[in-house]
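Here's the structure, in structure tokens; my notes come after.
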Amino acid sequence: MVKVLEKPGTEYVAIAERAPLTNIDVPSLKGSIDEAEWNIRVDLAAAYRLVAHFGWDDIIFTHLSARVPGPENHFLLNPFNLMFEEVTASSLVKVDVNGLPVEPTPFATSPAAFAVHSAIHMARHDAQAVIHLHTPYGQAVSAQAHGLLPLTQTAMSVCSDIAYHDYEGGVQLDERERIVADLGSRSAMLLRNHGTLACGATVGQAFLRAYFLERACEAQVHALSAGHPNLCHAPRGAAESLAKEASVVLSAMADSLAWPALLRKAHRIDPGFAR
């Protein structure tokens, strides 16, 4: 299981004392690493760029991660000192279960921030990719006592797959086990008073779940602005019916339809992410 080598907060002081980057360019790893790892790097770098494009980023904060194929339990994580719009396939840092780089890198990483990701990766081997966001809409719904409501078709498609974890303050070393327990077998989570989380067997699956969750949260905030008495609720059984359908088709839709389209979009925005 995951160990954290620093007391909470001390690693951030050490990172802040590092000299600012003067160059963010790194040599391309394409052709020098296993093709399967390269493909995952491209997918994860595209996800970072798309998160920035949709306005879900939080300067350099929050993280997206993906498991590297192989028995070593290595993962890909963004450089902590890069904006999401600057991340490339080759600049992603390969880290161990402690969030520490396994190869030389000019970039900083955040082991404490990765602790939640690695705990989920290690407990859920179907969670090959994990996305954690701090969007205003996601945080707003995470702070609402009733959580995500089945008010829209988008919300209905994810409501039955959402777990909840109560806020415990900053990074707590023993909190990881409670997050994993609260997540259980579900693929999305509202971290109370904090933000959203989604995971999947591929980067595309995790991204599509994050997209649906974020859109559902945004719609809920707008709908609630009209007041509870003015809400139109779906007929009884409609939400459960849609949830069953979504659980079957979401993964297939992500891998064969939505993610290939999103990759094309990422290339149109800036093909530099794939270097």
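The values are calculated or read from the model by the stated rules, or taken from the named source; none is laboratory data. Source: prediction; values computed, not measured. We place every Cβ from the backbone using ideal geometry, glycine too, and count neighbours over all the protein chains shown. Accessible surface areas use protein heavy atoms only, side chains included; no ligands, DNA or RNA. Shrake-Rupley method; radii C 1.70, N 1.55, O 1.52, S 1.80 Å.
Would you check the accessible area of T196, probe 1.4 Å, heavy atoms only, in square angstrom rounded to 10?
Here the residue's solvent-accessible area equals roughly 10 Å².
Which residue, A252, A115, T196, has the largest displacement toward the positive end of the dipole of the chain when charges sit on each Cβ (Lys, Arg +1; Asp, Glu -1)?
A252
What helices does the chain have that are whole DSSP H segments, at least 20 Å long along their own axis by Cα, and with mean Kyte-Doolittle hydropathy of 0.0 or more?
Helices meeting the criterion: 35-53, 203-224, 238-253.
Please work out how much length the chain gains when fully extended from E168 to E35, using 0.36 nm per residue of separation minus the C-alpha to C-alpha distance, in nm with one decimal. Don't skip to the end; give the middle numbers.
Working: separation 133, 0.36 × 133 = 47.88 nm, distance 4.02 nm.
Length gained, E168 through E35: 43.9 nm.
What does the accessible area per residue of the chain come to in Å², with a 1.4 Å probe and no ligands, DNA or RNA counted?
Per residue, the chain has an accessible area of 47 Å².
As a test question: what accessible area, to the nearest 10 Å², does Y167 have when a 1.4 Å probe is rolled over all protein chains in place?
Its accessible surface works out to 120 Å², give or take rounding.
Of L257, L183, L100, which has the most accessible area and how do the rest follow, probe 1.4 Å?
Per-residue accessible area, sorted high to low, gives L257, L100, L183.
In bins 5 Å wide, starting from 0, what share of all Cα pairs of segment 224-275 does each bin hold, as a percent?
4, 15, 12, 12, 12, 11, 13, 11, 6, 2, 0
Do you know the relative contact order of segment 188-250, to the nearest whole percent, from alpha carbon pairs under 8 angstrom that are 6+ apart?
Value for segment 188-250: 19 percent.
Mind ranking 247-253, 127-133 by how tightly packed they are, going by the mean number of other C-beta atoms within 10 angstrom, highest first?
127-133, 247-253
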